[in-house]
Amino acid sequence: ARVVNYYAGHSKKEIIPLIFPVLFSSFSRVLIYHSLKDKSDQNVIAMLKTYPGYVRDFKAAAAIYNVGACMNIISLIRSYDLKAKGFGDSGSDAGDLLRELVFKIMH
């Protein structure tokens, strides 16, 4: 929560829309992880094009977020990304959008 509040309250408005693509990429990779038949570290590294140190993180995320949750979260991220860019929103602050998105991801 402190990290979200920091970025929402202390960052330039231009930084927050850059966070959404990072979240999208991360959850997309967790979704890809779920689809792998071979979940060995070497295959995960190759298929997700990641570093060995991140394999554990993907395994942990996959244990928390199942395929359906990942798909729902990716949909939320896309929606909030558009809102942060001014589409389909009544002018909400980008920081508030980030807080709301993280709340929905966590709950």
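FYI, it's all coordinate maths here, none of it is from the lab. Everything quoted here is computed from the prediction, not taken from an experiment. Virtual Cβ from ideal backbone geometry, glycine too; neighbours counted across all protein chains shown.
Brief remarks follow.
- Exposed-loop-free span, longest in the chain, where trypsin sites (Lys or Arg not before Pro) count as exposed if DSSP calls them loop and at most 11 other C-beta atoms lie within 10 Å: 50-107
- Of 59/85; 49/85; 37/59, those spanning more than 20 Å from alpha-carbon to alpha-carbon: 59/85; 49/85
- Over region 2-106, the reciprocal of the mean inverse Cα-Cα separation, the Kirkwood hydrodynamic radius, stands at 14.7 Å.
- When you restrict to C-alpha pairs under 8 Å that are six or more residues apart and normalise by the size of region 2-106, the relative contact order lands at 39 percent.
- Between residue 78 and residue 60, the modelled label-to-label distance comes to 2.9 nm, taking each label 7 Å out from Cα in the direction of the beta carbon.
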